[in-house]
1. On full extension of the chain, what length is gained from SER772 through GLU637, given 0.36 nm per residue of separation minus the C-alpha to C-alpha distance?
2. Which one, (1) 100, 55, 48; (2) 87, 66, 65; (3) 106, 75, 50, gives Cα extents along the principal axes in Å as derived from the coordinates shown?
3. For the chain, with every protein chain kept in place, what is the accessible area per residue (1.4 Å probe, Å²)?
4. Looking at the chain, what % of its DSSP beta bridges pair antiparallel, to the nearest 5?
5. Work through the residues other than ALA343 whose Cβ is under 12 Å from its Cβ and net out their charges, Lys, Arg +1 and Asp, Glu -1.
6. If one computes the Cα centroid of the range 404-479 and of the range 546-582, what distance in Å separates the two points?
7. Ordered by residue, what ³J(HN,Hα) values in Hz, to whole numbers, does the range 738-743 give under the Karplus form 6.51 cos²θ - 1.76 cosθ + 1.60, where θ = phi - 60° and Gly and Pro are x?
8. Can you pull the percent of Cα pairs in the range 64-208 with separation above 28 Å?
Amino acid sequence: MILSSTMSNAYDFAANDKKWQDTWLQTKLYSTKNNSDKKRYILDMFPYPSGEGLHVGHPLGYIATDILARQSRMLGYDVLHPMGWDAFGLPAENYAIKTGTHPAVTTEKNINRYREQLKRIGFSYDWDREVNTTDPSYYKWTQWIFLQLFHRGLAYESSLPINWCPSCKTGLANEEVVNGNQCDRCGSTVEQKAIRQWVLKITEYAERLLIDLDDLDWPEHIKEMQRNWIGKSTGTEVFWNIKDKADIHISTYTTRVDTLFGTTFIVIAPEHEALQDIITADQADEVRAYVQQALQKSNLERTELAKEKTGVFTGAYAIHPFTGESHPIFVGDYVLGFYGTGAVVGVPAHDDRDYEFAQLKELPVIGVIAEEGQPTADEHLKERAFTELGVLYNSSEFSGMTSTDAQHAITEALEKTDTGKGTTQYKLRDWIFSRQRYWGEPIPLIHCKSCGVVAVPEKDLPVVLPAVEKYEPTGTGESPLASIEEWVNTTCPTCGGVGKRETNTMPQWGGSCWYYLRYIDPHNETELADKDLLKKWLPVDTYVGGAEHAVLHLLYARFWHKVLYDIGAVPTKEPFQGLRNQGMIQGEDGVKMSKSRGNVINPDDTITRVGADAFRTYEMFMGPFDASKPWSTSGIEGTHRFLQKVWRLQDKLTETGSEDISVLHKTIRSVTEGIDQMSFNTVVSDLMKLTNHLTEQENISITSYKTIITLLAPYAPHMTEELWAILGHKESIHLQPWPAYDASLAASGSIQIAVQVNGKVKGVVEVTLQTSKTDALDMAKALPEVQKYIAAGVRKEIFVPGKIINFVV
């Protein structure tokens, strides 16, 4: 007997989308529960609310996390899935200056627009936990965290040369300089400028930031980017006396001290503290002109490998600690004053950069390392440097040693004579934290002539950003706040004397370093967040956002979290246990969406045409989650037709159906595993196949139909909610248990396992359920498309039976 008395019409998404969104909000269906010991904290990198609103590429990650959150609730987890706004920063201020509209006004307008768009897509966010970094009740705690850094000596004042954007009129951290010498915000050429700023001592945490990466479930390429940015190296510091200047010494750092006997020159940085003391009179004018020019370049521009190396002779000579020979000292802009010791040994025979410099300056090239079995490398040195490890020659008593043995022996010899020592260096630099702009969190410090720099008492937080009409940057190195006397002038909290507030503001990264903590307890007025709640929810289980934040937000947030861990404010060493990066949705022309290209697709228009569920499902169906893929209007129409086909299946409902139950159970298994692996496109494909199977049947059981719409619910929450109500249920489908499969019915003769290299799929192997781990790994390694990536060796093999193989190289 057919259960439906009338044929169903097409699904009316226009009416039902809004109806169910309102119902969910009114009933607070997605409020965070505290009922279970099982928890999942599923988080999006919160957006900066620009005036242009969302295009169809922005929600890709949000839809993915929403699917995870919805399924997790159905699996019995307490789920924390919040949303908020990263709303301070340069874009809002620059727009305000351009239009004459206060950034507070445009920010509120943009947030309202984003919220409206997100709600229209049907996300299951707990909107009661919404945060806004520009809200004083929020940035009170950003300021509190800064004070913890300040009290522990991890925030200090400096006037060293920094990256300066002449267009944005503010200082930039090294991580904000891209393409060698461009501002990541506006693209202007970055200059070097010495101004007063606040700096955070992230270098104190370099080793921990490095070591703890190993325990994180992150894409390997993101972890490798952080490792490279931190840049740990173990080497030797060598102390050099200066000829005819007994009271001056220079230190160099090298990871190849085995080449020390091949030294023919030394190069020091333009900002090296000893430079002015060693310049000879006849070289002074040339050196000072070169230094002035060099300091106008950005650090990344100076160290660009492809650029020609330049330098000027200082007139001074360094004395070799073993041979006593004199070697000329040059000043070169490719050496940075803040990295290592600010000076390097020039060994042109065994370093490509030094070889190039020696050719330019017509300096000797002395070989001291040869390939094992070869007497010397001198013949090769006529054309290029020999940069490999080998066996020493021309190296006094160390000749005949391998490079590895010689590195230890030469370092020990230097240490015995106090002319050197073994040491470890990092490329990571301290974080330039202050900005000379208006639209940012005030730094809670007061300058007092008697007491120095004093912290604002915690009871007086927040230090509220004053409401002003003029907020244009000064370009002088001072923030616009400096001219607001009634705000700047205050009382020193220590001595009661005259004090002046700090007028630099925090960068946008300040508020985004810790927002995931505030979501846990957003309305707490007495502490950052309740300790028991932090213990329950941390760390974030799944964090989704763009790979471009690898050495910006992700590194900064890890640093702040570790400081908070050290003071007992949080219970975990790391903030984000699992990380996934979404790919990019391109325009239909296959290139990045932009207004200038005219290829931007507005999600509002798409949802008006086909509904929120078709929009959500299509974005997940387009291709692998982490891959770039072009938008297709015809593709989303196909997804729309698929959902209508599911809707029409209700016309076939009977108590007992003619469908193949094994197909149903295989689909439950594949969908469950697909969501777990974030293989969202294959899940949609599997649901389409099941729908086609059911469509071919004369009738289908109501049990099977309930199963398919429950599996589809995280993707198409509105239509499935409507269908569930039509079937007579009062409670939301999103509160139902996730379907379980019968293993015997779900089993098949063979299954396909994705083979990844560093987290990216490179191939597929087909195995049976009885295939052993060893055999499965051997089959994966034998794939031609995998072999080329693992030829140099595999550091780690990950095998999840029936699901995935991943080789970490």
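1. Length gained between SER772 and GLU637: 44.3 nm.
2. Among (1) 100, 55, 48; (2) 87, 66, 65; (3) 106, 75, 50, the one derived from this structure is (3).
3. Using a 1.4 Å probe on heavy atoms only, each residue of the chain averages 42 Å².
4. Of all bridge pairs located within the chain, approximately 75 percent are antiparallel.
5. That sum, taken over residues with Cβ under 12 Å, equals -3.
6. If you average the Cα positions of each part, the centres end up 19 Å apart.
7. The phi angles translate into 5, x, 9, 10, 7, 4 Hz.
8. The calculated P(r) of the range 64-208 puts 43 percent of pairs beyond 28 Å.
The values are calculated or read from the model by the stated rules, or taken from the named source; none is laboratory data. Since the model is a prediction, treat every value here as computed from it, not as a measurement. With ideal geometry, Cβ positions are generated from the backbone for all residues, glycine too; neighbour counts draw on all protein chains shown. When the accessible area is computed, the model is the full protein with side chains, heavy atoms only, and any ligands, DNA or RNA have been set aside. Shrake-Rupley method; radii C 1.70, N 1.55, O 1.52, S 1.80 Å.
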